[in-house]
1. Before we move on, is Ala126 surrounded by 10 or more Cβ atoms within 10 Å (Cβ to Cβ), free of Cβ contacts under 8 Å to residues at least 60 places away in the same chain and in a loop (DSSP other than H, G, I, E, B)?
2. Going by what's in this entry, would Ile115 be described as over 30 Å from Ile24 (Cβ atoms), hydrophobic (A, V, I, L, M, F, W, C) and modelled with pLDDT of 90 or more?
3. Could you grab me the full set of residues in the range 61-117 that are on the phi > 0 side of the Ramachandran plot and outside any strand (DSSP E or B)?
Amino acid sequence: MGWKAAQKLIHHWKIVRGDNVMIIRGKDRGATGAIKRVIRSQNRVIVEGKNLVKKHIKQGQGHEGGIFTVEAPLHVSNVQIVDPVTGQPCKVGIRYQEDGTRVRVSRGIGASGSIIPRPEILKIRATPRPTIVGPKDTRMELVQEKTYDAKTGKGMPDL
């Protein structure tokens, strides 16, 4: 399994990490699972517990060798998002709500047209935001200092 870049990259992805998908092609056809990882440079996704292959790993310093079962990447065209209402695979469309928020909706034959929610796993940050003030952080009094007044024009640079 060598690394190979895709010929034509997908610029606007409609599938994200944590989505519930159904595999529509390959040896695991009809199986559903959550997306574990998205490899955008190859147009591929890894589905949890699906498309398992045996991998031979040689013993080295700090780890032992052997034959391991790992999840292989699938091309993104071989998976479809599962409609949250019907439970069937569907295509994904984009719609804007009245307040201007962008949402994904299910579309296609037999689709309910319902909103596909964003997975909760995307809200979890890998590295937490720092809570203590560091030496390179800007002090709060400098942040709140008013540097421009619109009425008097004070603070406006000479252009």
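1. Values: surrounded by 10 or more Cβ atoms within 10 Å (Cβ to Cβ): no; free of Cβ contacts under 8 Å to residues at least 60 places away in the same chain: yes; in a loop (DSSP other than H, G, I, E, B): yes.
So Ala126 does not fit the description; no.
2. On the way: over 30 Å from Ile24 (Cβ atoms): no; hydrophobic (A, V, I, L, M, F, W, C): yes; modelled with pLDDT of 90 or more: yes.
Against the criterion (over 30 Å from Ile24 (Cβ atoms), hydrophobic (A, V, I, L, M, F, W, C) and modelled with pLDDT of 90 or more), Ile115 does not qualify.
3. Let us first name the residues in the range 61-117 that are on the phi > 0 side of the Ramachandran plot, namely 62, 66, 87, 100, 108, 110, 113.
Residues satisfying the conditions are Gly62, Gly87, Gly100, Gly108, Gly110, Gly113.
To keep it simple, each residue is scored yes or no on (1) loosely packed, with under 13 Cβ neighbours inside 10 Å; (2) within 11 Å of Leu74 (Cα to Cα).
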residue	(1), (2)
Lys4	yes, no
His11	yes, no
Arg17	no, no
Asp28	no, yes
Ile35	no, yes
Ser41	yes, no
Ile46	no, yes
Lys50	no, yes
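The values are calculated or read from the model by the stated rules, or taken from the named source; none is laboratory data. Keep in mind it's a predicted model, so treat the numbers as computed, not measured. Counting neighbours? That spans all protein chains shown, and the Cβs are built from the backbone with ideal geometry, glycine included.
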